[in-house]
Amino acid sequence: MRVFPWGFWLLCVASAPARGDSGSKARSCAEVRQLYGAKGFSLSGVPQAEISGEHLRICPQGYTCCTSEMEENFANKSQSEFEAMMKESGRSVQATLTAQHRSFDSYFQDLLNKSEKALYDAFPSMYGELYTQNVKVFKDLYSELRRYYRSSNINLEEALNEFWTRLLERLFKLLNPQYHITDEYLDCMVKHAEQHKPFGEVPRDLKVKATRAFIAARSYAQGFLVGSDVVKKVSQVSLSHECTRAIMKLMYCPHCRGMSSVRPCNNYCLNVVKGCLANQADLSTEWKYLMDSLIGVADRIDGPYNVDTVIGTIHMRIAEAISNLQENKDSITSKVFQGCGNPKISTKGSSSEDKKRRGKVTLEAKSSAQALEMLVLDAKGNLTALKTYWITLPSSLCSKKVMASSASDDKCWNGMTKGSYLPQVMGDGLANQINNPEVEVDITKPDMTIRQQIMQLKIMTNRLGNANIGNDVDFQDTSDDMSGSGSGDSCPDDVCGKRLSKSPSTRQPETNAIPKQSGHGVNGASSRSLPSASLLLLLSVAVIAAQHLWR
């Protein structure tokens, strides 16, 4: 008696490969072939109908339309496409920050240009030789102001002091042509200038207001550039091998499984992207601090340190100072003679130039306060919108780029088949990825490029914090990693005006905490203090050392 047929058929059934939801008839691979060709790959070797999938290394090994070569090509394509998504998203943020920088920079430069032009237009007829013989002094002043704004390593207070000293020396000689005044005599006269106040209160008042306005303006402009540069560098960070596999499984495995019309489950997409962008999410805290700091300085620029009022009227303040000197010429000359002695009489006769051009002068400045208000309002709106960029990036990519299904969809691609996605969504940042079900993430090895950019954000926030309270900061450009040292503690106007700043070579690093912040901004009551330059330097050294250890 032959009894093997039952066992034979059971063995056949057991050994037959599972077809999942593909049915008894092999499905056509037309959709995958069309997609594969559209991606630029050759259709040679691409199956016409499903084949067994034991060769697959990333996608589920059921019946499939993908060969090993196709799976590899799709993996490479998914990596390049996802990295392109990152760069595109980053370019949008860069464009916003760059546009804000360009708008403010254009406005600020225009203020300076108009002030300088007004001086050149009015001073020749107002002062005659007092101006024409000293044109270079005025040009040098505006040149130094521009150099400082562009982040050259110059001391603004010293530059202003130098301007008033040179101007006083030149004007004193021109106003007293009947005397032979030597360089030694001028040195003595300058030493007594603070006591005699030949220009009145203008030099001190302008120094206090202009330095604060320029400090705020240049730090504000630099903040936009640093933010843009950070986004650019972070957006260029390549995906890890584990992420490439996870992105491939998310984006192309449903096509290989014959489910081209099935969209990825939203929570599944979030876990994949959060795992792949875990390091980027760690930028969020310092990024938010930078945005808040820029908003705080923007309020200063359109408030206490109003650049429209200060920068746009520099020529008027200079005219006021010269008028003070002219009106009090006799008194000032008498005091100088008392302190330095009577100079020798010159063989040259007295000039009538001064007499013809005496008198109080008045210049007008066209206000652009409304333009500044609109600039600041627009900037604050954009900065507020960008605060959560890094932690909302996964949701943005999943909804707009990957085109994931809704969170409640139970007929979406869950990484294995069409159905619901059960695992919970991971938190943001590297530390929260330890149990990510979709991406293997080594939380002990942070990305060094991104850690360096976090440091850049801290340094720039420190600079803005100092600028917010009127303290100068030393830096030359946006790539200057460790130069964010302040110039001292905050002080009221009547003290700051009298303080002599140290030269860049002798200035001590800032060691005090900068003002407390509200909501991580620069104006409120949070206890977080920004790092000093020395601490940032130590942190940087530690990061570099750790990088070598991890290698």
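Between His180 and residues 5 or more places away or on another chain, which pairs have amide H atoms under 5 Å apart, with H built 1.01 Å from N, and which residues are they?
Lys344, Ile345, Ser346
Given a Förster distance of 41 angstrom, what is the FRET efficiency for Val135 paired with Arg102, based on the Cβ-Cβ distance and rounded to 0.05?
0.85
Within the range 224-261, find all residues whose amide N lies under 12 Å from a label point positioned 7 Å from the Cα of Met448 along Cα-to-beta-carbon.
Under 12 Å, as judged by backbone N against the label point of Met448, lies no residue of the range 224-261.
What's the extension gain from Leu35 to Asp410 if we count 0.36 nm per residue and subtract their Cα-Cα distance?
The span from Leu35 to Asp410 would gain 132.5 nm if fully extended.
How much of Thr132 can a 1.4 Å solvent probe reach, expressed as accessible area in Å² and rounded to 10?
Using a 1.4 Å probe on the heavy atoms, I get roughly 80 Å².
Taking every pair of Cα atoms in the range 375-415, average 1/r, invert it to obtain the Kirkwood radius, and report Rg/Rh to two decimals.
Looking at the range 375-415, the ratio lands at 1.23.
Which ³J(HN,Hα) values, rounded to whole Hz and listed in residue order, are derived for the range 266-280 from phi using the Karplus coefficients 6.51, -1.76 and 1.60 in 6.51 cos²θ - 1.76 cosθ + 1.60 with θ = phi - 60°, glycine and proline given as x?
Listing the rounded values in order: 4, 5, 5, 4, 4, 5, 5, 5, 5, x, 6, 10, 5, 5, 4 Hz.
For a Förster distance of 56 Å, can you work out the FRET efficiency between the beta-carbons of Gln61 and Ala371, rounded to the nearest 0.05?
Efficiency, rounded to the nearest 0.05: 0.30.
Considering only protein heavy atoms, what per residue accessible area in square angstrom results for the range 73-175 with a 1.4 angstrom probe?
Solvent-accessible surface per residue comes out at 41 Å².
Sequence-distant or interchain residues sharing an amide H contact under 5 Å with Ala49, placed H: which?
Cys29
Considering the range 237-297, what Rg and Dmax in Å follow from its alpha-carbon atoms?
Here Rg and the maximum Cα pair distance are 16.6, 56 Å.
Report the calculated FRET efficiency for Ala26 and Ala84 (r = Cβ-Cβ distance, R0 = 41 Å), to the nearest 0.05.
Using R0 = 41 Å, I get an efficiency of 0.75.
Kindly state, as a whole number, the per residue volume in cubic angstrom of the convex hull around the alpha carbon atoms of the range 165-313. Don't jump to the answer; show the numbers that get you there.
Details: hull volume 30.4 nm³, N = 149.
Considering the Cα atoms of the range 165-313, their hull volume per residue is 204 Å³.
Evaluate the distance, in nm, between pseudo-label points positioned 7 Å from the Cα of Asn435 and of Thr165 along their respective Cα→Cβ axes.
Using points 7 Å along Cα→Cβ, the separation is 6.8 nm.
Within the range 385-400, find all residues whose amide N lies under 17 Å from a label point positioned 7 Å from the Cα of Arg91 along Cα-to-beta-carbon.
What the label zone holds, given the 17 Å backbone N cut-off, is 397.
The values are calculated or read from the model by the stated rules, or taken from the named source; none is laboratory data. Keep in mind it's a predicted model, so treat the numbers as computed, not measured. Because the Cβ atoms are built from the backbone with ideal geometry, glycine has one as well, and the counts that use them run over all protein chains shown. Remember, those area values only see protein heavy atoms, side chains included, never the ligands or the DNA or RNA. Shrake-Rupley method; radii C 1.70, N 1.55, O 1.52, S 1.80 Å.
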